[in-house]
1. Of the residues that make up segment 151-167, is at least one of a type in the set (Lys, Arg), at pLDDT below 95, on the phi < 0 side of the Ramachandran plot and surrounded by 16 or more Cβ atoms within 10 Å (Cβ to Cβ)?
2. Is it fair to say ASP132 is assigned to a helix (DSSP H, G or I), more than 21 Å from PRO55 (Cα to Cα), over 17 Å from the mean Cα position of the chain (by Cα) and not aromatic (Phe, Trp, Tyr)?
3. Filter segment 1-30 down to the residues that are assigned to a loop (DSSP other than H, G, I, E, B) and among the β-branched types (Val, Ile, Thr), then identify the one that is modelled with the lowest pLDDT.
4. What pairs can you find where one residue is in segment 69-87 and without any contact (Cβ under 8 Å) to a residue 12 or more places away in the chain and in a strand (DSSP E or B), the other is surrounded by fewer than 23 Cβ atoms within 10 Å (Cβ to Cβ) and charged (D, E, K, R), and their Cβ atoms are less than 9 Å apart, with a gap of 6+ or different chains?
5. Considering only residues that are of a type in the set (D, E, K, R) and either at pLDDT 95 or above or surrounded by 20 or more Cβ atoms within 10 Å (Cβ to Cβ) (or both), which ones fall in segment 168-213?
6. Regarding segment 48-67, can at least one residue be identified that is on the phi < 0 side of the Ramachandran plot, touching a helix residue (DSSP H, G or I) at 6+ places or on another chain (Cβ under 9 Å), modelled with pLDDT of 90 or more and part of a helix (DSSP H, G or I)?
7. Out of the residues in segment 94-129 that are outside any helix (DSSP H, G or I) and at pLDDT 85 or above, which is farthest from LEU81 (Cα to Cα)?
8. Based on what the data block shows, is LEU81 farther than 20 Å from GLN177 by Cα, crowded, with 18+ Cβ neighbours inside 10 Å and not charged (D, E, K, R)?
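The values are calculated or read from the model by the stated rules, or taken from the named source; none is laboratory data. Note that the structure is a prediction, hence the values are computed from the model and not measured. Here Cβ is always computed from backbone atoms with ideal geometry, including for glycine, and neighbour counts include all displayed protein chains.
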Amino acid sequence: MEMNPAPTLTDERFTTPLYTRTEAARYLSVPASTFKTWTDGYERHSEGRGTVGAPVLTSIKPLQPGQRGPVVPFIGLAEGLVLAAIRRSGVPLQRIRPALARLKHDLGLPYALASQRLYTDGAEVLYDYARDDGDRESEALLDLVVVRSGQRVFNEVVESYLRLVSFGEDGYARLIQLPAYGVAEVVVDPTRGFGQPIFSHGGARLEDALAMFRAGEPLDVVADEYGVPGPELEDAVRVATLVAA
């Protein structure tokens, strides 16, 4: 199998924190508490027993304890997009962790959730892992995989999310389209708009256009100012209103 080149230590997709956990959760339409568990892991105690869950998404630790600000790099947001799809397919988080370890072992693949290899080879590896593991909880991983044209591929839920990711020459995510929008193409590109969500058509930052609308400007004026098609701007306002509700 072809290997992904190892990401360089200076690649800003992996090393530059761009989003707070709350922002990243909002972009991916998942609860903020859920996203925090994904980035920080958890430790729970009950009846004298403790359980620990390791983080599953990439985040950057603050330089000082208690320091606030962005902790999620672009690659962590891309991982979160795919993890959200897997969770929506019904796979429990405690089964995803060992499955990711299997992907790393079998494919030599760090950052598996943000890798194109997950799309091309991952379904086969996860199916074999679930079949060989013998744990009833692992059987949920089998539901991620369907057979199409004689090959094991991801089910429609996961595949629809993977289609939102564009990959770079190194095989890792370089751009993602946010899933909440039905009409607007809102994308995250770490090389544009300081990594903040932008409209694919017009290139305006999402928050800039929404701020102008919230300041009282009519939608058609905002659309004209930022070069965003009216229906896309209406869709963005709709999503922002739902999130705020």
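1. yes
2. On the way: assigned to a helix (DSSP H, G or I): yes; more than 21 Å from PRO55 (Cα to Cα): yes; over 17 Å from the mean Cα position of the chain (by Cα): yes; not aromatic (Phe, Trp, Tyr): yes.
In short, yes.
3. THR8
4. Pairs that qualify, where the first residue is without any contact (Cβ under 8 Å) to a residue 12 or more places away in the chain and in a strand (DSSP E or B) and the partner is surrounded by fewer than 23 Cβ atoms within 10 Å (Cβ to Cβ) and charged (D, E, K, R): there are none.
5. Looking only at segment 168-213, we keep the residues that are of a type in the set (D, E, K, R), and these are 169-170, 174, 185, 189, 192, 205, 207-208.
Answer for segment 168-213, where residues must be of a type in the set (D, E, K, R) and either at pLDDT 95 or above or surrounded by 20 or more Cβ atoms within 10 Å (Cβ to Cβ) (or both): ARG174, GLU185, ASP189, ARG205, GLU207, ASP208.
6. no
7. Kept after step one, since they are outside any helix (DSSP H, G or I), are these residues of segment 94-129: 108-111, 115.
The next check asks that each one be at pLDDT 85 or above; those that pass are 110-111, 115.
On the way: PRO110: 16, TYR111: 13, SER115: 12 Å.
Filtering first and then ranking leaves PRO110.
8. Numbers: farther than 20 Å from GLN177 by Cα: no; crowded, with 18+ Cβ neighbours inside 10 Å: yes; not charged (D, E, K, R): yes.
Answer is no for this residue.
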